[in-house]
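K.L.:
Just passing along the structure, written as structure tokens.
The values are calculated or read from the model by the stated rules, or taken from the named source; none is laboratory data. No experiment lies behind these values; they were computed from the predicted model shown. Heads up, the Cβs are rebuilt from the backbone with ideal geometry, glycines too, and the neighbour counts pull from every protein chain shown.
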Amino acid sequence: MDATVPGGQLSVYLLDLANDDLHSVTSSMFAYTWPTFDRDGTYLYVASNRDFTSPTYGWDHETWVYDNTDRILAIPLLAETASPLLPEIDEEEWDEDGEDEEGEEGEDEGEDEEGENDEEAEEEEPEPLEIDLDGFEQRAILVPIDRGSFTNLAVSEEGKLFYLRHGDDGHTIMLLDMEDDEEMEKTVLTGVAGFEMSGDGKKISVVNQSGSVAIIDAAADQSWDDMVPTSGMTAEVDPRAEWRQMFDDAWRFERDFFYDSRLHGVDWKAVKKRYEPMLEDCTSRGDLSYIIREMIGELSVGHAYYWGGDVEQAPSTTVGMMGCDFELHDGAYRIAKICQGGPWDADARGFLGQPGVDIKVGDYVLAVNGAPVETDKDPWAAFQDLAGRTVTITVSEKPTIDDDARRVVFDLLSSERDLRYRAWVEANRAYVAERSDGRVGYIHVPDTGVNGQNELVRQFTGQHTLDALIIDERWNGGGQDTHRFIELLNRPIVNYWVRRDGKAGYPAPEPGHYGPKCMLINESAGSGGDLFPYGFRYAGLGKLVGTRTWGGTIGMGRPPLLVDGGQVTSPVSAFYEVDGTWGIEGHGVDPDIEVVDDPALMVGGGDPQLDAAIDLMLEELITHPYRPTAVPPSMDRSGMGIRDADK
């Protein structure tokens, strides 16, 4: 690595096998990935993350990201190799007789010589690969194709570069032909999940999104017509031999990938010796799963998980959902509540919330597809195996089917989770608004993955101008790190702007929230749900209310799958604090104001933790309100002042 260039990027290293010398041939100013040699020793092809020329701006017009930043580079191995993209002179040379120097006779002779050379080359030993290390990166040739996201670089027998171009709608194998001036980049095959080039560079094995395999030519314009038939492929399995292999692999994964080479001081060889004899008593795949879980549990660490594999599954069926609560009344089930978000949540209304649906709260649901809804069973028993289907619901304002009953064609849900979640969030938001006269906003962040990120942004968008905010991260399931989450909530005012056609004195950056804030936490928030309140407190954004979080911040990696598809995770990165301590790992984040959920106070939907947060914000609106800087008097730049028009 070049010490004069900032580190942290992926660089290319060449290993001289003959002399056992390792050479760094690129700096770390930009990242280099997927290096691959061509087949005649002329170029090293790489993808490089360097094209920061087309930003995508966010909804606030102040945040931006760069995607599809890869470019493909061809690096000549020898300094004397000229770029194939240099312009060529198109003049032809003529001999004294006025004929082209390359006559037919000369061409025939050239072909004979070429054939003789080919035969000699087959008999000769291959020449060693020569690489000029000096100026290696400086020789890189930027291939003139569109930027993108590239992986799986491989070179065919004919010297053409193949690679995956990743897109929002899937991946496409592309072919690079630098000798074709009109169409340098050609499409090979779309809808690809991955591919492998054969050793001789003539064929490509491709896999689609469903896992089916095809073998295609290493050429442009291929298709999925000839899939590899796998229906008749079977293999004989010795379960006990397979179980032992998976046990050994699970043990090795922790040994080789665990973030701490000391494995938390655990004698890992002794652990294997202790658990290995239990394999003899395994009578099912489930027994093996139990042994592996107990073994990796010896590491006493979060995010050490095990799941999947060739295990038995109990039969199951789906249940269609209407997006409502039922209650038993007068010998029939009726709708007690319709689940939906706020009036603005067009995507969280469910079928019952759509205009023109003739079903309301208080209506009795009497039959589904003509079959009576029996009250000696749960109401959902009538909806078994109907998830996602269109059915006919018989409803009435009376608990019996009579002439007033009506039939409604209904689209059942496969799950009510998202609908009920949005309804719960809206109920909390409305409650906070009611208690604070609309001055305090409420935002729930269910995790720190993409879903939680989306919820934070969508809920922040319409509430960032309120006087105070309650950020609720209880039951936060974790995900990614939370720096951007904190950044959105922690935008200090740099200046104000004023304009004639808008509110005077609006702050920048925008959007931002500059008033009091607090965060709700509980013991069911962990991983990213630990990092979020940790960062909230570290940034000084406000107090934490509730109970201590889980305390699991060691991030997990996913080693290769076990032979039957089972997955063991291996914690690969551990969080420690700026004071040099492990801090919240194994302990969690303590609240500033502890509020334990009292079941007696939760009857009927009460939420003592939320009430405590509202009380805190109402108090801070009195003691620490946000007061914007007033707009200064209008600037006077008239010079001599206002002149008398009459003079």
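K.L.:
Picking from S300, S316, which residue would you name as being without any contact (Cβ under 8 Å) to a residue 24 or more places away in the chain and of a type in the set (S, T, Y)?
P.N.:
Just a single option satisfies the conditions, and that option is S316.
Table: residues versus (1) touching a Gly at 6+ places or on another chain (Cβ under 6 Å); (2) aliphatic (A, V, I, L, M); (3) touching a residue at least 40 places away in the same chain (Cβ under 8 Å).
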| residue | (1), (2), (3) |
| --- | --- |
| A574 | no, yes, yes |
| E577 | yes, no, no |
| W582 | no, no, no |
| H587 | yes, no, no |
| D590 | no, no, yes |
| V595 | yes, yes, yes |
| A600 | no, yes, no |
| V603 | no, yes, no |
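K.L.:
Of these, I471, I486, which one is within 26 Å of W344 (Cβ to Cβ), β-branched (V, I, T) and at pLDDT 95 or above?
P.N.:
One residue alone meets the criteria, I471.
K.L.:
Would you confirm, using the coordinates I've provided, whether D310 is surrounded by fewer than 16 Cβ atoms within 10 Å (Cβ to Cβ), within 37 Å of the chain's Cα centre (by Cα) and over 19 Å from R389 (Cα atoms)?
P.N.:
Answer is yes for this residue.
K.L.:
Can you name every residue in the stretch 259-282 that is touching a helix residue (DSSP H, G or I) at 6+ places or on another chain (Cβ under 7 Å) and of a type in the set (F, W, Y)?
P.N.:
Result: W268, Y275.
K.L.:
Count, please, the residues in the stretch 140-164 that happen to be surrounded by fewer than 18 Cβ atoms within 10 Å (Cβ to Cβ) and part of a strand (DSSP E or B).
P.N.:
Going through the stretch 140-164 one residue at a time, the tally reaches 2.
Conditions (1) closer than 28 Å to E426 by Cα; (2) among the aliphatic types (A, V, I, L, M); (3) exposed (fewer than 15 other Cβ atoms within 10 Å of the Cβ), marked per residue:
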residue	(1), (2), (3)
T317	no, no, yes
L328	yes, yes, yes
I338	yes, yes, no
D345	yes, no, no
I359	yes, yes, no
G370	no, no, yes
P379	yes, no, no
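K.L.:
Something else about it: So which of E426, E434 is among the acidic types (D, E) and surrounded by 16 or more Cβ atoms within 10 Å (Cβ to Cβ)?
P.N.:
Exactly one residue qualifies, and that residue is E426.
K.L.:
Can you tell me which residue is nearest to the chain's Cα centre (by Cα) among those in the stretch 62-88 that are under 22 Å from D168 (Cβ atoms) and in a loop (DSSP other than H, G, I, E, B)?
P.N.:
D67
K.L.:
Right, something else. Is it the case that the stretch 222-238 has a residue that's without any contact (Cβ under 8 Å) to a residue 40 or more places away in the chain, surrounded by 14 or more Cβ atoms within 10 Å (Cβ to Cβ) and assigned to a helix (DSSP H, G or I)?
P.N.:
No, the stretch 222-238 contains no residue that is without any contact (Cβ under 8 Å) to a residue 40 or more places away in the chain, surrounded by 14 or more Cβ atoms within 10 Å (Cβ to Cβ) and assigned to a helix (DSSP H, G or I).
K.L.:
Take the conditions surrounded by 10 or more Cβ atoms within 10 Å (Cβ to Cβ) and modelled with pLDDT under 90 and apply them to T26. Does it pass? Spell out how you get there, then give the answer.
P.N.:
Working: surrounded by 10 or more Cβ atoms within 10 Å (Cβ to Cβ): yes; modelled with pLDDT under 90: no.
No, not satisfied.
K.L.:
Let me ask something additional. Say whether the condition of being more than 17 Å from W424 (Cβ to Cβ), modelled with pLDDT of 95 or more and in contact with a Gly (Cβ under 6 Å, 6 or more places away or on another chain) is met by at least one residue in the stretch 493-509.
P.N.:
There is no residue in the stretch 493-509 that is more than 17 Å from W424 (Cβ to Cβ), modelled with pLDDT of 95 or more and in contact with a Gly (Cβ under 6 Å, 6 or more places away or on another chain).
K.L.:
Among the residues of the stretch 490-502, is any among the charged types (D, E, K, R), surrounded by fewer than 20 Cβ atoms within 10 Å (Cβ to Cβ) and within 28 Å of V595 (Cβ to Cβ)?
P.N.:
no
K.L.:
Inside the stretch 176-198, can you point out the residues that are surrounded by fewer than 14 Cβ atoms within 10 Å (Cβ to Cβ), under 18 Å from E157 (Cα atoms) and without any contact (Cβ under 8 Å) to a residue 60 or more places away in the chain?
P.N.:
Scanning the stretch 176-198 gives D180, E196.
K.L.:
What about T400, is it surrounded by 12 or more Cβ atoms within 10 Å (Cβ to Cβ), modelled with pLDDT of 95 or more and not in a helix (DSSP H, G or I)?
P.N.:
So T400 does not fit the description; no.
K.L.:
Would you mind listing the strands (runs of 3 or more DSSP E) fully within the stretch 412-526 where at least 2 residues are more than 28 Å from G604 (Cα to Cα)?
P.N.:
Details: elements: 440-444, 468-472, 495-497, 506-508, 517-521.
Counting at least 2 such residues, we get 495-497, 506-508.
K.L.:
Can we say Y364 is touching a Lys or Arg at 6+ places or on another chain (Cβ under 6 Å), outside the structural domain of Y442 (by TED's automatic domain parsing) and not hydrophobic (A, V, I, L, M, F, W, C)? Spell out how you get there, then give the answer.
P.N.:
Details: touching a Lys or Arg at 6+ places or on another chain (Cβ under 6 Å): yes; outside the structural domain of Y442 (by TED's automatic domain parsing): yes; not hydrophobic (A, V, I, L, M, F, W, C): yes.
Considered against the rule, which asks whether it is touching a Lys or Arg at 6+ places or on another chain (Cβ under 6 Å), outside the structural domain of Y442 (by TED's automatic domain parsing) and not hydrophobic (A, V, I, L, M, F, W, C), Y364 comes out as yes.
K.L.:
Within the stretch 199-213, work out how many residues are among the small types (G, A, S) and buried (at least 17 other Cβ atoms within 10 Å of the Cβ).
P.N.:
So the first thing to find is which residues in the stretch 199-213 are among the small types (G, A, S), and the list is 199, 201, 205, 210-212.
Now narrow it down to the ones that are buried (at least 17 other Cβ atoms within 10 Å of the Cβ): 201.
Residues that pass the stated criteria total 1.
K.L.:
Of the numbered conditions (1) hydrophobic (A, V, I, L, M, F, W, C); (2) in contact (Cβ under 8 Å) with a residue 24 or more places away in the chain; (3) surrounded by 18 or more Cβ atoms within 10 Å (Cβ to Cβ), W59 satisfies every one except a single condition; which is it?
P.N.:
So W59 meets the others, but not (3).
K.L.:
Test T234 against the criterion of being over 33 Å from the mean Cα position of the chain (by Cα), under 29 Å from Q313 (Cβ atoms) and not assigned by TED's automatic domain parsing to the domain that holds N152, and give yes or no.
P.N.:
The answer is yes for T234.
K.L.:
Turning to a different aspect of this structure: Check S261 against each of (1) in a loop (DSSP other than H, G, I, E, B); (2) crowded, with 17+ Cβ neighbours inside 10 Å; (3) of a type in the set (G, A, S) and name the one condition it does not meet.
P.N.:
The number of the failed condition is (2).
K.L.:
While we're here: Anything in the stretch 199-221 that is more than 11 Å from S156 (Cα to Cα), in a loop (DSSP other than H, G, I, E, B) and touching a strand residue (DSSP E or B) at 6+ places or on another chain (Cβ under 6 Å)? List them, or say none.
P.N.:
Within the stretch 199-221, Q209, S212, A220 qualify.
K.L.:
Taking the stretch 523-546 as the search range and keeping residues that are touching a residue at least 60 places away in the same chain (Cβ under 8 Å) and surrounded by fewer than 24 Cβ atoms within 10 Å (Cβ to Cβ), which one is farthest from D590 (Cα to Cα)?
P.N.:
Ranking the candidates gives G526 first.
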